[in-house]
Amino acid sequence: MPTYWPIALVALVAGGLLLWTVVAQRRRDRAQRSIVEQAGFRPCPEQKDWLEETVTRIECNRGFRYEVRDPKRLAGEPAVYYYIKVRHGHPHEDAVAEEEILFRLKRQSAGGVVLTVKPSSLAPGLATRMLGAVATGPWDAQPDDLERLELPRDLTGTNLIAALGPPGANLYDLVDSRTLSVVQTLGDAGAMSVRFRDAWCTVAGVGAQIPFRLDQVLARLRSLF
């Protein structure tokens, strides 16, 4: 038996796994495109520059550049946008891509807020405390003007696991309880990060690991539009 056969076998298996990954990703992409179209989103390439400016203001991080790819707008009013947000950092770092929707939201405060939520299937405990600590850690991707907020006692053990906001702020002064109730349901639809700034709100997924179920996210947000 040739001595090179183990190498050939490893190469064959690796090639098969790569092909399976590509095919599976294409299937997910086709399924997501179908969901986007059925939801009523239509391409709006003319809004790309404006969306990038708006996303950059919401993110408020001078260390990164934010790109919007394949922007779409929901037919009718109010204006709701869906796009792929790509965060570009240092030249030697890979860009980070997330599915995201953007819409206007009336709030009692214009201050920036970042909320991190979990799915209901993940019970409160050590894992959620660790996720909350990571979400509010001193990472370079955090907004320049926000810091970790203590969650109100009545929100302890809920699907809301972390919050960033202006120094010394109270979460209920930034986001009302009705909106927070809706936000807590978004983790069950594949969303994890919710951002508020000025009159805007964005809801984003966490990448390919957890599917961003756009139709379910929209259904949960309808009462806020």
- prompt: Highest mean first, what order results for 124-132, 97-105 on Cβ atoms within 10 Å?
  reply: 97-105, 124-132
- prompt: What is the spin-label model distance, in nm, from F225 to T156 if the labels are put 7 Å beyond Cα along the C-beta direction?
  reply: 3.8 nm
field: Within the stretch 40-224: Cβ-based charge dipole about Cα centre, in debye rounded to nearest 20 (Lys, Arg +1; Asp, Glu -1)
entry: 480 debye
message: Can you list residues from other chains, or at least 5 along the same chain, whose modelled amide H is less than 5 Å from the amide H of W200?
response: L105
Hz values of 3J(HN,Hα) by residue in the stretch 133-140 - Karplus curve (6.51, -1.76, 1.60), Gly and Pro given as x: 5, 5, 5, 10, x, x, 7, 6
task: Using only alpha carbon pairs under 8 Å that are at least six residues apart, calculate the relative contact order of the stretch 112-211 and give it in whole percent.
output: 37 percent
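Since every read-out is calculated from the coordinates, none of them should be taken as a lab result. None of the values given here were measured: they were computed from a predicted structure. Because the Cβ atoms are built from the backbone with ideal geometry, glycine has one as well, and the counts that use them run over all protein chains shown.
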